[in-house]
Amino acid sequence: MSLPPSDANHLSGPQRLWLFRDIFLSHGLQLGCCISDTRAAALRFGESSTSAVVTSSAAVPPVLIHIAQLWGSLLWQETNHKFGLAEEDDQLAKVQVLLDIAPNDVCDPVTTVLAHCLVSMYHFSKVNIVDGREHLARAALVVSENHLRLCLDSSSIFSSNSLYSSQEINAILLQLLYQDTAGTMLLNLPALVGVDLYAQFQNLPVPPRDSSKLDLIVFRTKSVFHLNEANHLANVWHGTTGAEGQASFPVQSYEWYFDLVQRISNHIAILTPILLQHVVIGGDPEPLRATKLCLAMEHAAAAELYELLAATEPLYCGKSLTSALEVVQITSTFDDSDFHFLDPILGVCWTTATTVLRRIQGMIKLGSAVPLQLDEWTIRRGLSTMISASVKLERAMPFVVRPPELSTAQT
């Protein structure tokens, strides 16, 4: 049974730590806590393995206990606007001691990667970019030095190098890829993870549609890959625009374009029934939020691609607008309570959708025919939805900076 966050100041030390672990697990999918439900249950109660190394499917290394308590203390403070809890500094110090000597008998390589990813996100949330990047780089180094690989055989329950399940192994490594890819987009910094792991991901089978939280990490990584690839393709496209303003995109590169369009469409087709299932059945809101995030990234990626041909092909103009409106529609479903559980990558999605809507807005002002017979009021409402959401996300996450495209002065 979860205790209300407001009770933290009146709890004993062990009770406070229990509360912080519980809060952390409520954000588990958002933060990329890639462990099984069985292991999560042990973590909630603070049950670490006696040897400090993962020895069974239910074992929890001590470093993860301390990271859960570190994150939980931070989240409690941010939610309640009460700062200065001694537990945060205490838990961070304990985590640093354990990670400084990892991986070894205290912390196996797989756990070390997961721990560095979680601590990296902690520092990014504190707007400490240098330390955040350092922990991500250390995670990438552990992967390389220990030759950690994705488990491409979906029938394999356990990997060969630990007692983490193959599903956990994949989720942990893909969470690293997700953070690395999102970081390159949000911070305009080079990738830290080696190309080998990225190449392995291209051959990873798609999880079943009745997916678990760990499978959703696979879907989320695929979505951010598509968003990043669409952004890269658009940059290549604009970089080949001639002096007359006409694109001279190489003919052979159109194969890349249409292949990516197809992959995005396929992923949307997989994610949409999963979203409907979560909406109808209800239950844990975390998978629903994660699926919405995946779809927002996919529709933003589609909008960016369709926008490249929108000026010359009416069909693509309509598809670009439809994709942008999908981003708006998904955004409109977030409650105020959702924003502490969302992701800064949404800012990239909103920027893309805003670019499309402003172009359509310009067409309306010129009296040009527009797809879907939209009027300017509908466009303004869509822009307002994203502006409002970006303000709420900025307040919920100090690391988020609202893109200039979403300035309220431009509506």
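All of the numbers you see were taken from the coordinates with simple rules; none came from a lab. Computed from a prediction, not measured in an experiment: that's the story for all the values here. Neighbour counts run over all protein chains shown; Cβ positions are idealised from the backbone, glycine included.
Remark: the range 170-185, residue by residue, has Karplus-estimated 3J(HN,Hα) of 4, 4, 5, 5, 6, 4, 4, 5, 4, 5, 5, 5, 4, x, 5, 7 Hz, where x stands for each Gly or Pro and the curve is 6.51 cos²θ - 1.76 cosθ + 1.60 at θ = phi - 60°. Between Asn188 and Gln252, the contour length at 0.36 nm per residue exceeds the Cα-Cα span by 20.3 nm. Considering the range 325-400, its Cα convex hull presents a mean projected area of 4.9 nm².
Over what distance in Å are the Cα centres of the range 58-83 and the range 301-347 separated? So the two Cα centres are separated by 33 Å. Spin-label model, Gln15 to Thr355: label points 7 Å out along the Cα-to-beta-carbon direction sit 5.3 nm apart.
Packing, taken as the mean count of other beta carbons within 10 Å per residue, orders the peptides 307-314, 14-21 from highest to lowest as 14-21, 307-314. No solvent, one uniform scatterer per C-alpha: report log10 I(q)/I(0) for the chain via the Debye equation at q = 0.12 1/Å, two decimals. The Debye formula, applied to the Cα set alone, gives -0.98. Its residue count N fixes a reference of 2.2 N^0.38 Å for the range 68-153, and the Cα radius of gyration divided by that reference is 1.19.
Between Thr240 and Tyr198, the distance separating the two model label sites (each 7 Å from Cα on the Cα→Cβ line) works out to 1.9 nm. Across the range 307-334, the residues whose backbone nitrogen lies under 14 Å from the label position 7 Å along the beta-carbon direction of Ile364 are 321-322, 325. Taking 10 °C and 1.306 mPa s as conditions, the range 246-321 diffuses translationally at an estimated 114 µm²/s according to Stokes-Einstein applied to its Kirkwood radius (Cα pairs). A cut-off of 5 Å between modelled amide H atoms, ignoring neighbours fewer than 5 places along the same chain, links Cys33 with no other residue.
Counting only helical runs of four or more DSSP H residues, what would the 222 nm mean residue ellipticity of the chain come to if each run contributes -39,500 (n - 2.57) and the total is spread over all its residues?
Numbers: 15 runs with 265 residues, N = 411.
Taken over the chain, the calculation gives -22000 deg cm²/dmol.
With the simple spin-label model, which puts each label point 7 Å out from Cα in the Cβ direction, the Glu47 to Gln262 separation comes to 4.9 nm.
Relative contact order for the chain: what percent, with Cα pairs under 8 Å and sequence separation of 6 or more?
Values: 535 pairs, mean separation 48.9, N = 411.
Value for the chain: 12 percent.
In whole angstrom, the range 213-410 maps to an equivalent ellipsoid with semi-axes of 27, 21, 16, each derived as √(5λ) from the alpha carbon gyration tensor and ordered largest first.
Close lysine pairs were tallied over the chain: pairs 8 or more places apart or on different chains with Cα atoms under 21 Å apart number 10. Overall, the anisotropy analysis places the range 266-367 in the prolate class: the square-rooted eigenvalues a ≥ b ≥ c of its C-alpha gyration tensor yield a/c not less than 1.5, with a/b exceeding b/c.
Of Val348, Val280, Val236, how do they rank once you tally other Cβ atoms within 10 Å and put the fewest first? All intermediate terms of the calculation are to be shown ahead of the outcome.
Values: Val348 23, Val280 7, Val236 14.
The most exposed by this proxy come first: Val280, Val236, Val348.
A dipole drawn for the chain from +1 and -1 charges on Cβ atoms has a positive end, and of His135, Ala182, Val370 the residue lying farthest that way is Val370. Placing +1 on the Cβ of every Lys and Arg and -1 on the Cβ of every Asp and Glu, with nothing else charged, gives the chain a dipole about its Cα centre of roughly 620 debye. As a length-normalised measure over Cα pairs under 8 Å and 6 or more apart, the relative contact order of the range 206-352 settles at 26 percent. Computed from phi, the 3J(HN,Hα) profile of the range 306-318 under the Karplus parametrisation 6.51, -1.76, 1.60 (θ = phi - 60°) reads 5, 5, 5, 10, 5, 6, 10, 10, x, 4, 6, 4, x Hz, with x in place of Gly and Pro.
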